[in-house]
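Heads up, the thing below is written out as structure tokens.
The values are calculated or read from the model by the stated rules, or taken from the named source; none is laboratory data. Keep in mind the model is a prediction, meaning the values are calculated, not measured. Cβ sites come from the backbone with ideal geometry, for glycine too, and all protein chains shown count toward neighbours.
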């Protein structure tokens with residue numbers, strides 16, 4: 001148990017509101033496309049809070065009987081040839097889990113090495129009034145890199161290591177112990193562990209990848225090893241599962257690496273990635289961390305490093321948004337973004353960090369340059385395979401501003417990729433992202449593909465998205481026919497169909513009157529939201 005009781009633990013309603021604020025601002029995950037629940041949370045916040053309170057008051061009944069979480073796991077790419085299982089939690093249950101973790105966030109943070117020690121830089125819990133963020137905005141990866149460079153200047157050797165398959169190998173009983181040591185709110189800890197047990201299908205290990213709740217829990221798990229490293233006076237810093245340990249000699253570097261390996265394995269059942277654990281000399285480490293300050297002949301006076309250092313964040317709600325946008329657009333205009341992108345695409349493998357930043361700059365280009373950049377991205381998907389979701393998100397954002405020829409080119413390219421079952425589209429996650437673009441343009445070719453795909457795919461998320469898109473297009477014939485197979489649909493598909501039923505007007509109304517007694521609470525929430533959205537008129541389904 002914690003040494004001292006936390007001060008004024010937040011009420012569940014306070015934590016639930018904070019969770020919804022965070023989800024609305026940042027999404028429920030950084031792996032999957034946003035679910036329709038994102039809109040429902042925004043439009044029906046009071047009803048969502050009411051449902052979360054019902055879950056809180058009847059947790060075990062909801063978890064096991066009334067509304068068990070409908071989670072779905074898909075393969076997600078890691079680099080060019082690596083993959084990992086990622087799970088999109090049932091969005092309502094994800095909000096509930098996040099509310100639980102937020103309620104003990106201060107307790108967890110108190111257990112960690114203090115921020116001002118400049119040791120641990122990942123996911124430092126900090127709530128500020130009026131701010132939806134739950135993590136310290138000024139402590140993160142850039143600060144981790146900066147501190148690493150600073151320590152490397154005074155040490156001759158650096159150990160670089162990261163944990164192998166970290167999230168999937170988190171042992172629940174060790175996390176349970178850590179939770180009970182951190183907080184005296186035993187019921188909150190119990191519910192977190194019960195939810196994780198359900199997520200892991202009664203296995204004793206695993207955290208969901210991609211959400212803030214799991215990130216904070218993972219930090220708590222590594223906290224004990226952090227304190228052990230500090231107690232042995234090792235100079236080190238950590239961001240998530242990445243460690244940098246600093247030594248005066250190679251012997252000292254080996255001592256630090258062996259100690260870290262032993263403590264992770266003995267205390268947490270975790271191991272370091274053998275292929276990525278290295279001992280580097282100071283010069284080699286500095287060269288690997290610093291982005292080379294080179295000026296290409298095609299970029300007069302401007303370096304790659306200046307571009308990488310440029311801030312590309314824009315707040316549309318800022319009181320100075322117009323001036324901020326103009327300044328950002330002017331700054332981007334000083335770089336040959338299309339040329340820099342072209343040079344990356346000429347390689348066999350792109351520099352992922354640079355390419356991500358180039359993509360962030362594309363929306364601020366002039367129309368013709370923006371279209372040229374989008375075409376380059378689409379036509380080089382194979383080279384950009386690790387960045388496919390980001391390319392799809394960018395293309396969707398800009399799609400309506402592209403000319404018809406380029407829209408048709410993008411749609412045909414994606415249809416061909418899906419039909420050919422290329423390695424890019426063998427991942428259902430990538431198909432889901434592609435569908436969000438195809439859904440922007442109704443055409444006989446797109447519609448035919450979606451009808452075919454619905455019948456052959458086993459992915460519930462893909463089938464869910466197809467239902468949304470067909471309803472968005474007003475494909476009455478298809479939605480009406482699907483109504484006869486409603487009982488065969490999985491949870492995510494049923495929720496999508498309840499929304500889609502509103503395009504059927506009287507036919508849909510009769511079906512809902514007949515079926516609503518069997519709706520789960522979350523399905524009834526979808527019905528309530530759709531009813532308010534339609535208001536007796538043709539419903540417009542957001543995608």
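A few points about this structure:
- Some residue of the range 42-62 being part of a loop (DSSP other than H, G, I, E, B) and under 24 Å from the mean Cα position of the chain (by Cα): yes
- Residue under evaluation residue 129, criteria (1) at negative phi; (2) surrounded by 17 or more Cβ atoms within 10 Å (Cβ to Cβ); (3) out of contact with any strand residue (DSSP E or B) (no Cβ under 7 Å at 6 or more places or on another chain), criterion not met: (2)
- Residue identified as in a loop (DSSP other than H, G, I, E, B) and farther than 18 Å from residue 120 by Cα among 177, 203: 203
- Listing of helices (runs of 4 or more DSSP H) fully contained in the range 321-388 that carry 2 or more residues being farther than 24 Å from residue 434 by Cα and out of contact with any helix residue (DSSP H, G or I) (no Cβ under 6 Å at 6 or more places or on another chain): 321-333, 337-345
- Filter result for the condition that a residue is closer than 17 Å to residue 476 by Cα and buried (at least 19 other Cβ atoms within 10 Å of the Cβ), over 438, 450: 450
- The single condition among (1) modelled with pLDDT of 95 or more; (2) out of contact with any strand residue (DSSP E or B) (no Cβ under 6 Å at 6 or more places or on another chain); (3) farther than 20 Å from residue 122 by Cβ that residue 198 does not satisfy is (1).
- Taking the range 187-204 as the range and being without any contact (Cβ under 8 Å) to a residue 60 or more places away in the chain and surrounded by fewer than 21 Cβ atoms within 10 Å (Cβ to Cβ) as the test, the residues that pass are 187, 190, 193, 197, 200, 201, 202, 203, 204.
- Verdict on residue 97 being in contact (Cβ under 8 Å) with a residue 60 or more places away in the chain and crowded, with 22+ Cβ neighbours inside 10 Å: yes
- Residue match in the range 65-73 (condition: part of a helix (DSSP H, G or I), within 15 Å of the chain's Cα centre (by Cα) and farther than 30 Å from residue 423 by Cα): no
- For the range 15-38, residues that are touching a residue at least 12 places away in the same chain (Cβ under 8 Å) and surrounded by fewer than 17 Cβ atoms within 10 Å (Cβ to Cβ) total 5.
- Looking only at the range 112-126, and only at residues there that are surrounded by 19 or more Cβ atoms within 10 Å (Cβ to Cβ), touching a residue at least 60 places away in the same chain (Cβ under 8 Å) and over 22 Å from residue 285 (Cα atoms), the one that is nearest to the chain's Cα centre (by Cα): 123
- Highlighted here are the helices (runs of 4 or more DSSP H) found entirely within the range 467-543 that include at least 3 residues which are farther than 27 Å from residue 448 by Cβ: 506-515, 521-534.
- Any hit, the range 526-540, residues being surrounded by fewer than 16 Cβ atoms within 10 Å (Cβ to Cβ) and closer than 18 Å to residue 436 by Cβ: yes
- Test: residue in the range 481-490 that is closer than 25 Å to residue 51 by Cβ and either surrounded by 16 or more Cβ atoms within 10 Å (Cβ to Cβ) or in contact (Cβ under 8 Å) with a residue 60 or more places away in the chain (or both): yes
- The range 226-268: number of residues that are outside any helix (DSSP H, G or I) and either farther than 20 Å from residue 288 by Cα or modelled with pLDDT under 95 (or both): 3
- For the range 104-123, the criterion of being outside any helix (DSSP H, G or I), at pLDDT 95 or above, touching a helix residue (DSSP H, G or I) at 6+ places or on another chain (Cβ under 8 Å) and at positive phi is met by at least one residue.
- Cβ pairs under 9 Å, 6+ apart, first in the range 230-248 and at positive phi, second in a loop (DSSP other than H, G, I, E, B) and surrounded by 19 or more Cβ atoms within 10 Å (Cβ to Cβ): 240/121; 240/122; 240/123; 240/166
- Taking the criterion of being surrounded by 15 or more Cβ atoms within 10 Å (Cβ to Cβ), part of a loop (DSSP other than H, G, I, E, B) and modelled with pLDDT under 95, the only residue of the range 141-165 that qualifies is 164.
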